[in-house]
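A.B. asks: Below is the structure I would like to discuss, written out as structure tokens.
The values are calculated or read from the model by the stated rules, or taken from the named source; none is laboratory data. This structure is a prediction, so every number in the text was calculated from the model and none was measured. All Cβ positions, glycine included, derive from the backbone under ideal geometry; neighbour counts span all protein chains shown. Ligands, DNA and RNA are stripped out before the accessible areas are found, and what is left, the full protein with its side chains, is counted by its heavy atoms. Shrake-Rupley method; radii C 1.70, N 1.55, O 1.52, S 1.80 Å.
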Amino acid sequence: MVALAVSAGFSESAGFAVSGGATSTGEFGSLLKEVFEPKSHAAFQWERWATLRGRRTHVYSYQVAQQYSQWRVSYQRQLEIVPGYRGLVYVEKATNKVLRVTLEAVDIPPSFPIQQAATILDYDYVTISDREFLLPLKAVVRMREAKFLTKNEVVSAILHGVFLAETVSVILQVTSFKTTGKRLFKMAPIHHHFELKGWAEPKIIVRFWIISIICALAALSTLKLR
């Protein structure tokens, strides 16, 4: 048995719960938080070496008992369980950064409609202004109800297009000013740039809404039902 500590920033959002069907919480930052925060009492164990997208990684197994779980699985917004879960964590050897975490529900009650729930969350490096940043890549969520298996692939860069643009604009602005002494935008995040160019606030909001809707539709196109 080994002790494993990982520090990272986390963000959570709401709104998906208004949709029907089976849902689960825990994609991207919130999943890492639920695995690594002390109150989850996760038990870690080193398993093996692996190569993930060309990078050498430690592979740890972990398990969170039901009484400490914060992962919720909801069905039709009427039934909800908080199952225990287990999975694997892939930690890059060179940087000690998490590149992948998997999660699988255990001991789901036989009476619950969803009898299988699993998630694979991937992070990868993105080069921005000649610097590498570790960002969410995608989450693959699988759920089985009777004979139906649902596979939902969430591509972060598409779904969170506006928020990614806001974040990247700050990174580019800071990097450019530190390296060249010049600003790429009048102000960052990028919506302030448009404000200083004379755009009215309602105009910026509506444009960002339109872009967000387009990004959401593009992300939904990755949904695969089997």
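A.B. asks: Taking 4 °C and 1.567 mPa s as the conditions, I'd like the Stokes-Einstein D for the range 68-133 in µm²/s, using the Kirkwood hydrodynamic radius from alpha carbon pairs.
C.D. replies: 91 µm²/s
A.B. asks: In a shell of Cβ-Cβ distance under 12 Å around LYS203, excluding LYS203 itself, what net charge do Lys and Arg (+1) and Asp and Glu (-1) give?
C.D. replies: Spelling it out: positives minus negatives among the neighbours equals 0.
A.B. asks: Hey, any idea what % of the range 72-116's accessible area is carbon plus sulfur with a 1.4 Å probe?
C.D. replies: For the range 72-116, the apolar C and S fraction of the accessible surface comes to 41 percent.
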